[in-house]
Amino acid sequence: MKEVVETTIYSIRKYTPQDIDVWNEFVGKSANGTFLFKRSYMDYHKDRFEDHSYLIWDEGSLVALFVAGSARTTTDKSVVVAHPGLTYGGLVHKSGLKYYKFEKIYNLILMQLKHDGFTKLIVKPVSRVFSSEYSEAHEFYFYKYGFSIISQEINSVIDLTKALSLTRARKKNLKKADASGLRIEQSVNFHDFWAIMASSLMKTHGVRPVHTAEELLLLHQSNPNNIILFTASVGDKIVGGTLLFMDESKGFVHSQYTHANEEGREIRAIDAMVVTAAMYAQKKGIRKFSFGISTVNSEINYGLLSQKEDFGSVIELMHIYEKQL
């Protein structure tokens, strides 16, 4: 087969704080970069993660970014993860990038990582639901160049271009929530929400939230159009909340955290919050609702998955890959 004639000269260099404006601008225009890659989000935990991100140029024109890092507490500095502090990471590229260029860019990244002393790459590519222009180029590239799938997680996604499809049980729960006088509204009361979330996570999983209340508030203030809190109240008492990560330019909303206290669960506040969030997104023209994963280390929580399917969601896989450099 005839090779593509290549006249492009690619260059790569590591991200520095001086690149912040060009970085953020590219993320906004890219095919698969979300607001999580904006420096207003990424840099909030730079005290915990060392940045190993790169910019890739095509004869003076920025064509891709590589979002990666390592935990500052890790003992193995030879492993780079794309990205250890985010749901996903890896290659962020311009719209309309042809495959042969994709391949050359990724080859350059791998060579640079090896040159910089890394011996292993772990990458969590941006999945379909979060991309405005989804391509499976990475899947073929990873197959061709010997990447291994080390984990598969199940994400549940609702198509918001269609009317919500709820089971009879969920519709009944909505009626119960409505009859209780439950009120759901946008809020900035992150501290009360965090207290409910922390209690719920400790009782259910024996863990504390990844983010503190102060971090959530800071992230909201830095990304007010992307991080949105809805709280559920009875009278003047908050009984639950749902924190949404939304990127209108990429057409998705993601349910990052949804929790209720005992009173909220009794009156089915979670069902009401999910539907309220979905309808809010629909009114904004958002096409996809990401429910989050129902797996831990590829082990399925069947009950949680079934609950999400009650709202009309379907499964999308999220892969994690590994490559020895």
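Quick notes on this one:
- Yes/no for Tyr44 being surrounded by 13 or more Cβ atoms within 10 Å (Cβ to Cβ), over 28 Å from Val129 (Cβ atoms), touching an Asp or Glu at 6+ places or on another chain (Cβ under 9 Å) and modelled with pLDDT under 95: no
- Qualifying residue in the range 276-295 (condition: of a type outside the set (Asp, Glu) and farther than 30 Å from Val92 by Cα): yes
- Scanning the range 65-79 for residues that are of a type in the set (A, V, I, L, M) and either modelled with pLDDT under 95 or within 19 Å of the chain's Cα centre (by Cα) (or both) gives Leu65, Val67, Ala68, Ala71.
- Of the set (1) touching a helix residue (DSSP H, G or I) at 6+ places or on another chain (Cβ under 9 Å); (2) closer than 26 Å to Ile9 by Cβ; (3) outside any strand (DSSP E or B), all apply to Gly85 but (2).
- Odd one out for Lys172 among (1) modelled with pLDDT under 95; (2) surrounded by fewer than 14 Cβ atoms within 10 Å (Cβ to Cβ): (1)
- Scope the range 104-121; condition without any contact (Cβ under 8 Å) to a residue 60 or more places away in the chain and either crowded, with 16+ Cβ neighbours inside 10 Å or not assigned by TED's automatic domain parsing to the domain that holds Gly90 (or both); matching residues: Tyr106
- Options Gly90, Gly60: the member that is of a type in the set (Gly, Ala, Ser), at pLDDT below 95 and at positive phi: Gly60
- Scope the range 122-144; condition part of a helix (DSSP H, G or I) and either surrounded by 14 or more Cβ atoms within 10 Å (Cβ to Cβ) or at pLDDT below 95 (or both); matching residues: Arg128, Val129, Phe130, Ala137, His138, Glu139, Tyr141, Phe142
The values are calculated or read from the model by the stated rules, or taken from the named source; none is laboratory data. From a predicted model like this one, the values you see are computed outputs, not experimental measurements. Using ideal geometry, Cβ is built from the backbone for each residue, glycine included, and neighbour counts are taken over all protein chains shown.
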